[in-house]
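Participant: Questions regarding the structure given below will be posed in turn.
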Amino acid sequence: MKKVPYRNRISKVLGVSLIIFLLFSISLYSQEEAVAENAEVAAEEGTADASAGDPAKGKSLFNQNCAACHALNRKMTGPALANVESKLAEEEGLDKEWLYAWIKNSPGMIKSGDAYSVKIYNEYNQAAMTAFPTLSDQDIDDILAYTAAPPPEAAPAVAGTADDSGSAKSSGISNEILLGALAVVFGLLVLMLFLVNSTLRRIAEANGVVLEKERAEKRIPIWKAFAQNQFLVLVTAIFLLLGSAYFAYGWMMQVGVDQGYAPIQPIHYSHKIHAGDNKIECKYCHSSARVSKHSGIPSLNVCMNCHKSIYEYKGNPEGPTKEDLANGYTNDFYTGEIKKLYKAVGWDEENQRYTGESQPIEWVRIHNLPDFAYFNHSQHVSVAGIECQTCHGPVEEMEIMYQYSPLTMGWCVECHRDTNVKVEGNEYYTKIHAELSKKYGVDQLTAAQMGGLECGKCHY
Amino acid sequence: MASNKKYWKSEAELNPNDSIVETLKQNEFVEEIPVDDFLGDRENLSATTTNRRDFLKYVGFSTAAASLAACQGPVRKSIPYVVQPENIIPGVANYYATTIANGFDFASILIKTREGRPIKVENNTEAKVGGSANARVQASVLSLYDSTRLQGPLANGEPVEWDALDAGVRAKLGSLKGSGKQIALLTQTYASPSTSRLVAEFKEMYGDVNHVTYDAISEDAALTAFENRYGERALADYDFSKADLIISFGADFLADWQGGGYDSGYSKGRIPKNGKMSRHIQFEANMSITGANADKRVPLTPMQQKVALAKLYAKLNGTSVGGEIGGAEQALDAAVAQIKNNTGNAVVVTGIDDVNAQSVVLAINEMLGSKAFDSKSPKYSRQGNTKAVNALISDMNAGKVGALIMDGVNPMYTLPNATDFASGIEKVDLSVVFSTNWNETTEVTQYTAAANHFLESWGDAHIKKGHYSLMQPTIKELFDTRQFQTALLGWMGRDISYYDYIKETWGTFVLNGNDWNKVLHDGVFVASYNMTGDPENALGQEDKETSDATTTEESASDSSVLPIASAVRSLVNATSGGGMELTLYSKIGMGDGQQANNPWLQEFPDPITRVSWDNYITVSKADAEQLGLVNEHVANGGMDGSYVKLTADGVSIDGVPVIVQPGQANGSVGLSFGYGRKVGMKSEMQTGVNAYSLYQNFNAVQSVTIEKSSEMHEFACVQLHKTLMGRGDIIKETTLEIFNTKDHAEWNVVPVVSLNHQEVPATTVDLWDSFDRSIGHHFNMSIDLNACTGCGACVIACHAENNVPVVGKQEVRLSRDMHWLRIDRYYSSEDTFEEDNTKKEEFDGLSGEKGSLGGFGELEHPATNPQVAFQPVMCQHCNHAPCETVCPVAATSHGRQGQNQMAYNRCVGTRYCANNCPYKVRRFNWFLYNNNDEFDYYMNNDLGKMVLNPDVNVRSRGVIEKCSLCIQKTQKTILDAKREGRPIKDGEFQTACSSACSNGAIVFGDVNDEESKVAELAESNRMYHLLEHVGTKPNVFYHVKVRNTNEA
């Protein structure tokens, strides 16, 4: 019974530490989040009576109709719109009526030769503003009210930080309580066992039972006995060799397999934000996957389709998680990455135009098939209709893109053996599928039965 | 605790300033170990024996290095476009229609580009004229990526800016205006409406401008004869598909005769249909591929050819002339009889460089009313005027030329009187040459304007009257280069791009209201309006003026009104000039030599001699014996040949290697142009001798004397001078008569084998069980030996498509050539294969008169006038492949679609498969040919690598490779159909060779598709497989060659 005290020690330590941990964590849950929207609401209310419009309504209208080209405090495709009404009145002497007319039919005004219309048209690279004849005067009032509201900048930042400590905990509560309870129960059990054991010992001593220590010591040490048993030695040796061979094989087989490879990229591009939070379809950017062997890394002009107007990262509605913050993924960090894109593509944010000085981005390639293996994306994406995630994993959850699948030949072959060929509605397969499925006596042919395991299909 | 004691090994170390010690601290050795010296020196390396211990060291080191390298993959970058061009999708090829018009080759072609890089030339099947790319055109895409190209303009050999060059040229041209000195333009044949217009405008601007068109290999005689007869400087066109009887006097019309491009028409008439095919009689001196394809070939020296032509004319007119042509008289009589049967279906052509001969031929064809002869819409692919060239050179020497601007020509290399030119150019105030490479001419000119490759240029061509073709760039200029026309526009102060200029020209003169964009898309345009009063008259004027100016007086007295009778008379009186008659010719691989720096073409084996990396003098066996010239095979399997010294008219070249050529007319020798270039060439490419120095008076026939020199030349010959030795079963051949009258069992004999003591056809016996191949695609390839002319376009197409490496002369000599597709050339020892067969069958016993010992030896020697057959051989993709069963690692296996597949990454290089292959089509990579400076061709530099096909693996050292039936192309076709959800139509499946073959000799397709052409061909009674008795069941099949030997 040498070992018993030892085990006890472990369980004691474990138990105690768990209890301590539990106590500490529970103490944190007393807080409750309730601060979130207060600041912003307050800010909006404060200016609500400044004009006839309703800034809340105006905000939603602004986001629907204007935000693609305008921001409040920043030049984009069109001018910054904060306090546009008062500014126009002060600087140009234009009243609200002018604004109504402009918003409802700007091309018409440019045509008619209105001086300021023409000026602003030329100032913004002759990019005509879409006419909004459907907006009522009241709608425009609402929008203008929103633009006249003081920018709610400071408040969300405070709200954000208040936010995140709360939300991070909220998901953890139930799990940790359970764990804590378990730990307590476990600790109690250990204690009981220890007590039972010592009680038994005491009883044994009291009854004069001699524990079998001496007899055990007379035995030949186990290693000697082992060494003397040649059969055992042989068997063990074989097992050892087999075991090491198994591990050696395993190790060798992972040479050149870069599963999990997640290199640092020149721009921290988050698939989680794009494909996950914003639910952008994979093939919007990787469009050549439909028609080509390459999935294609999108060229920078594709990025600029959206990032012309998305110039800063505003964070997910719940604010950055603790984990994100720990990694330094703040809103500012992401905005900085967008600036890297602007630099690469040569986009002058100030003047909203391309400078022409571009610098291609050298991404680090993650999925590297060997040159002797031919792989065609369109075969899998367009013809077979396989989801990108099947091979690339949960990309929409990847903050940093990594290689999800091993990309080994065994992995390819396994899938070809299991996957049925998608033949519905594809006339190419009509004849061959009818004949082959009859030959093999199956309803659905696998890729392998279609010839997908032949060497020459991928190696040439 | 460490002590502060200083230890030292030598006194020098105590001296702090000792440089050796300093070096030793950083390196183990003071000097760099001369590893390159002993590893790079091939001769020494093969001489020294690496001992066992060294070998083990190498092995140990490389194993360790390999395992280290395997543990960590390299970081690979992936760089997308900043702004992706709309029509480029990475991984998807784009095709553009364009035109090659380099003065020697004129063809409408398609260019396959990947990610903006041109990588392959395809035929433009839309084009009715010049739509087929020959071997040189196929290879031209590699010349774009030549690492020795000029990267910017030069002045006296030093790099300058274009601005400086422009300023210099413009100032000089301005000062020459009205100075009395002429401005000369010496250019290639453009046949370009826009360039003609531009040059005319240039003339208008500068007044005394002399535009001289110069063809390196002149067709002046034919042009003059045509001009005298029809009033236009052009070449008659021939459509051989309409001819039943073709008689040629030294015209190598399946190669480059009068601009070439006649082979597809010829092949159409050669496939027996309804018991009929054309008959082709060839009178020639050198064994050309045209002669090799002829039904009857009569070796005659050039002088005799002239006499024979005169006799033909006389016999057709019922008269007779003198002159002696020996046994050829009989052949001529038979030909005349055949012509008289059906005059309209016969055509006569000649390649004799003689205005009289060319005039007589035009007269004969007109007299016969030949349907194949077309003088109404002639070809413009040769415009060169030799008299004007000579006049220009004398003007230059006389100091009458103020400026000389050259484009597309290399006169210092191609002129026989290059020294005159060199002395003349020194007296010219301003000389500019447009050139893609540093060459003999750029050396002597002041300004070298780095020119575009044609794949970077805009342009147009009027190849044949009414048939226009557009050239568009398929890639932006790789270097700081300009095309001639753009520069000329700049010098004229015109603020218009050459593209706009062409568009303007076409809009005004050519298109006649047709849509420019559509024409640009198609690449070709056929004018449908009435040709009288057409733009050519306006456009062609400037050319005509020059030729008129220089030739009027002479030609008036010389030949223009020369009646045909006197032409015939002068032909009869032709004399040889005493010595051997040398006929200079252009090789299919090298042409006029402008692409001499192209390794694909250098390694391309000549169809007849099968020699690569060389030109040589061809000598008949009788003459060789007389002169003591030999070809011998040496121990390592290579062939050596004697050297001779050739002297013609005081000019001599030494060190010309000799090939004893079966079929060469006695008393004649042949030598090809295009070799012997030295300046600006990589050392590996400096091959052969320059035949242009013997091209006196631009006459391809010269009288020469031959002296034997010492030493032997080492040839790189891929197939030695062996004949079929009566083994007709690799090539099956019959005559039209037998083909029409006898059952196919007689002329397409299926070999029999013994099974259960009974003779059964070999095709019915199997060692293996057959797979069911009736489902899905099953690819077959058909090769018609009748339609194949041996032109070799497929060989280069295969090279380009499949990233086949170039191995160089040394390696080819060691039989390590890598061509996946070879065109075997077989001679039959007797005049016909039948005679060979009979002789073999009559062997009786070992020795004696009919003994096989002597008999076989005799059969090995091709006769003086052998019959020739070409046979393209690639992997036969046997259904019962011997290679597959012997591979110890299952690297080669069979696909359900019929391909014999080769997984390079699995191959360990035992070469069992190559040894077990009955067709010898498997190639072994003895070295790493890419990224290896020992093989300095194109795969070792970034520029050259741009031509590689990204869909095909670049093989490494130590693996076997071979034809894959272009599985990358069939897979793409299948994928496209799958994506579009449709069945595949016949004709969509193509291989590189089948799509390159404009002769229709190679047909590829799915034999399970009953509608397909290949399925129909597989059922033909001419179909046979190579070596049927081996039982390999190949998926490539051949069609029995039929020769039309009907004498009557």
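The values are calculated or read from the model by the stated rules, or taken from the named source; none is laboratory data. Computed from a predicted structure; not experimentally measured. Cβ atoms come from the backbone with ideal geometry, glycine included; neighbour counts cover every protein chain shown.
Participant: Of the conditions (1) touching a residue at least 40 places away in the same chain (Cβ under 8 Å); (2) in contact with an Asp or Glu (Cβ under 7 Å, 6 or more places away or on another chain); (3) within 14 Å of chain A (Cβ to nearest Cβ), B:GLY958 satisfies every one except a single condition; which number is it?
Facilitator: (2)
Participant: Considering segment B:469-511 alone, what residues qualify as being within 20 Å of B:ASP407 (Cα to Cα), part of a helix (DSSP H, G or I) and among the small types (Gly, Ala, Ser)?
Facilitator: Those that are within 20 Å of B:ASP407 (Cα to Cα), part of a helix (DSSP H, G or I) and among the small types (Gly, Ala, Ser): B:ALA487, B:GLY490.
Participant: Follow-up. Kindly provide the set of residues from segment A:66-99 that are in a helix (DSSP H, G or I) and not charged (D, E, K, R), ordered by number.
Facilitator: Those that are in a helix (DSSP H, G or I) and not charged (D, E, K, R): A:CYS66, A:VAL84, A:SER86, A:LEU88, A:ALA89, A:TRP98, A:LEU99.
Participant: Looking at this structure, is A:THR321 surrounded by fewer than 17 Cβ atoms within 10 Å (Cβ to Cβ) and under 22 Å from the mean Cα position of the chain (by Cα)?
Facilitator: yes
Participant: Does segment B:692-710 contain any residue that is part of a helix (DSSP H, G or I), in contact with a helix residue (DSSP H, G or I) (Cβ under 7 Å, 6 or more places away or on another chain) and assigned by TED's automatic domain parsing to the domain that holds B:ASP784?
Facilitator: Scanning segment B:692-710 turns up no residue that is part of a helix (DSSP H, G or I), in contact with a helix residue (DSSP H, G or I) (Cβ under 7 Å, 6 or more places away or on another chain) and assigned by TED's automatic domain parsing to the domain that holds B:ASP784.
Participant: Additional query: Could we say that B:ALA398 is at pLDDT 90 or above and in contact with a Ser or Thr (Cβ under 6 Å, 6 or more places away or on another chain) here?
Facilitator: no
Participant: Here's another thing I want to ask about it. Could you count how many residues in segment B:608-658 are charged (D, E, K, R) and in a loop (DSSP other than H, G, I, E, B)? Outline the logic, then answer.
Facilitator: If we filter segment B:608-658 for residues that are charged (D, E, K, R), which is where we start, we get B:610, B:614, B:621, B:623, B:625, B:632, B:640, B:645, B:649, B:654.
Filter again for in a loop (DSSP other than H, G, I, E, B), leaving B:610, B:614, B:649.
Looking only at that region, the number is 3.
Participant: Find all pairs meeting these conditions: Cβ atoms under 9 angstrom apart; at least six residues apart or on different chains; first residue within segment B:1008-1028 and farther than 15 Å from B:GLY776 by Cβ and touching a residue at least 12 places away in the same chain (Cβ under 8 Å); second residue part of a loop (DSSP other than H, G, I, E, B) and among the basic types (Lys, Arg).
Facilitator: These pairs meet every condition: B:GLU1011/B:LYS985; B:ARG1022/B:LYS732; B:TYR1024/B:LYS732; B:HIS1025/B:LYS1033.
Participant: Also, quick follow-up: Among the residues of segment B:268-280, what is the count of those that are out of contact with any Ser or Thr (no Cβ under 7 Å at 6 or more places or on another chain) and surrounded by fewer than 24 Cβ atoms within 10 Å (Cβ to Cβ)?
Facilitator: The total comes to 7.
Participant: If you don't mind, there's one more thing I want to ask. Got a sec? Which of B:THR618, B:THR647 is closer than 19 Å to B:THR290 by Cα and hydroxyl-bearing (Ser, Thr, Tyr)?
Facilitator: B:THR618
Participant: Out of curiosity, is B:VAL1003 in contact with a Leu (Cβ under 9 Å, 6 or more places away or on another chain), under 30 Å from B:ASP729 (Cβ atoms) and either assigned by TED's automatic domain parsing to the domain that holds B:GLN901 or touching a residue at least 60 places away in the same chain (Cβ under 8 Å) (or both)?
Facilitator: So B:VAL1003 fits the description; yes.
Participant: Can B:LYS315 be described as more than 23 Å from the chain's Cα centre (by Cα) and surrounded by fewer than 22 Cβ atoms within 10 Å (Cβ to Cβ)? First the steps, then the outcome.
Facilitator: Values: more than 23 Å from the chain's Cα centre (by Cα): yes; surrounded by fewer than 22 Cβ atoms within 10 Å (Cβ to Cβ): yes.
Against the criterion (more than 23 Å from the chain's Cα centre (by Cα) and surrounded by fewer than 22 Cβ atoms within 10 Å (Cβ to Cβ)), B:LYS315 qualifies.
Participant: A follow-up question, please. Is it true that A:TYR334 is over 30 Å from B:LYS972 (Cβ atoms), in contact (Cβ under 8 Å) with a residue 12 or more places away in the chain, among the hydroxyl-bearing types (Ser, Thr, Tyr) and more than 14 Å from chain B (Cβ to nearest Cβ)?
Facilitator: yes
Participant: Looking at B:ALA191, is it crowded, with 24+ Cβ neighbours inside 10 Å, in contact (Cβ under 8 Å) with a residue 12 or more places away in the chain, at positive phi and not in a strand (DSSP E or B)?
Facilitator: When the stated conditions are applied, B:ALA191 passes them.
Participant: Moving on. Quick check on A:SER358: is it polar (S, T, N, Q), within 11 Å of another protein chain (Cβ to nearest Cβ) and without any contact (Cβ under 8 Å) to a residue 60 or more places away in the chain?
Facilitator: It is true that A:SER358 is polar (S, T, N, Q), within 11 Å of another protein chain (Cβ to nearest Cβ) and without any contact (Cβ under 8 Å) to a residue 60 or more places away in the chain.
Participant: Quick one: which of B:ALA863, B:ALA890 is more than 28 Å from B:PHE989 (Cα to Cα), modelled with pLDDT under 95, out of contact with any helix residue (DSSP H, G or I) (no Cβ under 7 Å at 6 or more places or on another chain) and aliphatic (A, V, I, L, M)?
Facilitator: Sole residue among the options that is more than 28 Å from B:PHE989 (Cα to Cα), modelled with pLDDT under 95, out of contact with any helix residue (DSSP H, G or I) (no Cβ under 7 Å at 6 or more places or on another chain) and aliphatic (A, V, I, L, M): B:ALA863.
Participant: Which of (1) modelled with pLDDT under 90; (2) touching a helix residue (DSSP H, G or I) at 6+ places or on another chain (Cβ under 7 Å) is the odd one out, the single condition B:GLY369 does not satisfy?
Facilitator: (1)
Participant: Just to verify a result, which residue in segment B:110-148, among those that are within 21 Å of B:GLY792 (Cβ to Cβ) and among the polar types (S, T, N, Q), is surrounded by the most Cβ atoms within 10 Å (Cβ to Cβ)?
Facilitator: Checking each candidate, the answer is B:GLN138.
Participant: Against the conditions (1) free of Cβ contacts under 8 Å to residues at least 60 places away in the same chain; (2) in contact with a helix residue (DSSP H, G or I) (Cβ under 7 Å, 6 or more places away or on another chain); (3) in a helix (DSSP H, G or I); (4) farther than 30 Å from A:GLU357 by Cα, where does A:CYS303 fall short? Just the number, please.
Facilitator: Condition (4) is where A:CYS303 drops out.
Participant: Something else about it: Quick one: in segment A:344-353, which of the residues that are outside any loop (DSSP other than H, G, I, E, B) and surrounded by 16 or more Cβ atoms within 10 Å (Cβ to Cβ) is farthest from the other protein chains (Cβ to nearest Cβ)? Before you say what the answer is, go through the steps one by one.
Facilitator: Keep residues of segment A:344-353 that are outside any loop (DSSP other than H, G, I, E, B), which gives A:344-345, A:347-348, A:353.
Cutting the leftovers down to surrounded by 16 or more Cβ atoms within 10 Å (Cβ to Cβ) gives us A:344-345, A:347.
Working: A:ALA344: 7, A:VAL345: 6, A:TRP347: 11 Å.
So the residue we want is A:TRP347.
Participant: Something else about it: Please indicate, with yes or no, whether at least one residue in segment B:657-667 is within 25 Å of the chain's Cα centre (by Cα) and farther than 19 Å from B:PRO605 by Cβ.
Facilitator: yes
Participant: So, one more: How about segment B:1004-1022: which of its residues are in contact with a helix residue (DSSP H, G or I) (Cβ under 6 Å, 6 or more places away or on another chain), assigned to a strand (DSSP E or B) and not hydrophobic (A, V, I, L, M, F, W, C)?
Facilitator: Of everything in segment B:1004-1022, just one residue is in contact with a helix residue (DSSP H, G or I) (Cβ under 6 Å, 6 or more places away or on another chain), assigned to a strand (DSSP E or B) and not hydrophobic (A, V, I, L, M, F, W, C), namely B:GLY1005.
Participant: Only helices (runs of 4 or more DSSP H) wholly contained in segment A:372-460 count here; list those with 2 or more residues that are within 14 Å of chain B (Cβ to nearest Cβ) and touching a strand residue (DSSP E or B) at 6+ places or on another chain (Cβ under 9 Å).
Facilitator: Values: elements: A:388-392, A:409-418, A:427-440, A:455-458.
Fully inside segment A:372-460 and qualifying: A:455-458.
Participant: With the requirement that a residue be within 11 Å of chain A (Cβ to nearest Cβ), polar (S, T, N, Q) and in a helix (DSSP H, G or I), what does segment B:961-995 give you?
Facilitator: B:GLN968, B:THR970, B:GLN971, B:THR973
Participant: Still on this structure, I have one more. Among the residues of segment A:284-303, what is the count of those that are farther than 20 Å from A:LEU369 by Cα, within 8 Å of chain B (Cβ to nearest Cβ) and surrounded by 19 or more Cβ atoms within 10 Å (Cβ to Cβ)?
Facilitator: 3
Participant: In the list B:ARG906, B:ARG911, which residue meets the criterion of being charged (D, E, K, R), within 14 Å of chain A (Cβ to nearest Cβ) and more than 26 Å from the chain's Cα centre (by Cα)?
Facilitator: Answer to the selection: B:ARG906.
Participant: Same structure again: If you scan segment B:879-897, which residues turn out to be out of contact with any Asp or Glu (no Cβ under 9 Å at 6 or more places or on another chain), farther than 12 Å from B:ILE960 by Cα, part of a loop (DSSP other than H, G, I, E, B) and within 14 Å of another protein chain (Cβ to nearest Cβ)?
Facilitator: Residues satisfying the conditions are B:ALA881, B:VAL889.
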